1. Every residue in the range 251-285 that is open to solvent by 30 Å² or more (accessible area, probe 1.4 Å) and among the hydroxyl-bearing types (Ser, Thr, Tyr), please.
2. Are there any pairs with C-beta distances below 9 angstrom linking a residue in the range 329-340 that is outside the structural domain of residue 197 (by the TED database) to a residue that is outside any helix (DSSP H, G or I) and among the small types (Gly, Ala, Ser), with the two at least 6 apart or on different chains, and if so which?
3. Filter the range 103-120 down to residues that are assigned to a helix (DSSP H, G or I) and within 24 Å of residue 377 (Cβ to Cβ), then give me how many there are.
4. Would you confirm, using the coordinates I've provided, whether residue 286 is touching an Asp or Glu at 6+ places or on another chain (Cβ under 8 Å) and part of a strand (DSSP E or B)?
5. Looking at the range 319-331, which of its residues are under 24 Å from residue 166 (Cα atoms) and either touching a Lys or Arg at 6+ places or on another chain (Cβ under 6 Å) or open to solvent by 30 Å² or more (accessible area, probe 1.4 Å) (or both)?
6. For the range 341-367, enumerate the residues that are aliphatic (A, V, I, L, M) and part of a loop (DSSP other than H, G, I, E, B).
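The values are calculated or read from the model by the stated rules, or taken from the named source; none is laboratory data. On a predicted model such as this, the values are computed, not experimentally measured, just so you know. Positions of Cβ are generated from backbone atoms using ideal geometry, with glycine treated the same way; all protein chains shown enter the neighbour counts. What goes into the accessible areas is simple: the full protein's heavy atoms, side chains included, and nothing from ligands, DNA or RNA. Shrake-Rupley method; radii C 1.70, N 1.55, O 1.52, S 1.80 Å.
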Amino acid sequence: ERAGMWTRALGGAAGGGGGDGPAGLGSSGGADRPQSQQPRRQQHASANGLPDFDAGRASFELLEEDIESIRARIASQDAGLVGSRAAPLGAAARRVVPHDLDAFTAWRVKHPCILSHFADFTGLLRGKRLAVFLDYDGTLTPIVPNPEDATLSDEMRGVIRKLAHRFPTAIISGRGREKVENFVQLRELYYAGSHGMDIAGPPDLLHTERARKESSFQPAAHFRPMIDDVYNELCSRLSLIPGASVEHNTFCVSAHFRNCAEDRWTAVVTAVEETLAGRSSDLCITRGRKVMEIRPKVNWHKGTALNHLLEELGLKNQPDVVAIYIGDDRTDEDAFKVLQEGGQGFGILVSNKVKDTAACYTVRSPNEVMQLLQGLVTWAGTRDNGWLAAGKGSWRAAVAGGAAPPADAPAVTRNGAADAAPAAEALDDGPAVAQNGAADAAPAVAPTADGPSVAQNGAADT
């Protein structure tokens, strides 16, 4: 179908002179006229919406507006190849015009933009309980030259806060967990740092920091002394390479070379490999976006961390639960594969380039991630949200058996002191679940900022 669209748009094969109708490039006698004397071709909309051009021309050269029109039309046809076309979600549904149009278009057909197919996507969620898992760098905040500058914008923080009040929400990052917590500054979330090797949930129904620590999970805790040694050695080796930096992420060590001259990248790789020498039975090297990491050789990654959190929340293998994971890096592919292979949900890749991925959907940037999350916040107020259909008023009440945590619960300890609890936030986006065919008024009691307890026995505590 796509080849036919191009044929109709371009007026036939480049060498097809003499053909009849729109496909012929040389069916009129104008071929002998100089190019400058060729009449400007006339065009009108064809049945498929693409421009049809005057068949009497002797040569063909697309004007820029023609190219833009064709590209826009092809982008809009993507939905027709993968399902019914969905209403776009704001300005983010605008098309992408890549340099390699054919490859990118084919890739986007296989991994369509979720913003352009948002109505189809939420149709799949109808009556389901949604759980949201997020990467941090490159997903919630742009990739920056200095990793310490990857701060979360206030606008994104506000959207994530609203999201966490409506759905179970977790951030799974390669960064150290405490570092990500300090960036995000939201106690409502579950955090998994070091690629999922350091997991902690919000304060449980007892609202104590001790209970929170008891609910934490660190499958690679015994590797910590070895990771400390690796960090010190790698700092010494990379100190001689301008632009290189080392980051201690609790249970893994990251060597960044984003700010190095390209001819020094090999030196960084060599330094990391030499640091691993003698420790290869216990540690391994993984690669990311201009970063190499040394981490424990354990069967634990972002995908297993996602499964662990679903199990702790009592959501794993539940037929009415759909999980999504949004990430931009090759380390996020583990989470995409877990969702794909287990049929538990959908991966969403953040990329403006063609990549091999197990993700079902794509977006192009953290800004589009924010628009997607805001769309989910709005959708959460509709009768299609399975959490509201559970009749508990919020996902926390549903998971915790209806017990509502008090509003004055202490926040996650930061900088040695407990933060004051934020005021309860009303569910002000979208109508409440309808009980009589019309949208009911929003409930008088809004869910508080505290999440449910993390179960000690593989299911959510009641």
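1. 266, 270, 280, 281
2. Note: no pairs meet the criteria.
3. Total meeting the criteria: 3.
4. Yes, satisfied.
5. 319, 320, 321, 322
6. 354, 358, 359 - these are the residues of the range 341-367 that are aliphatic (A, V, I, L, M) and part of a loop (DSSP other than H, G, I, E, B).
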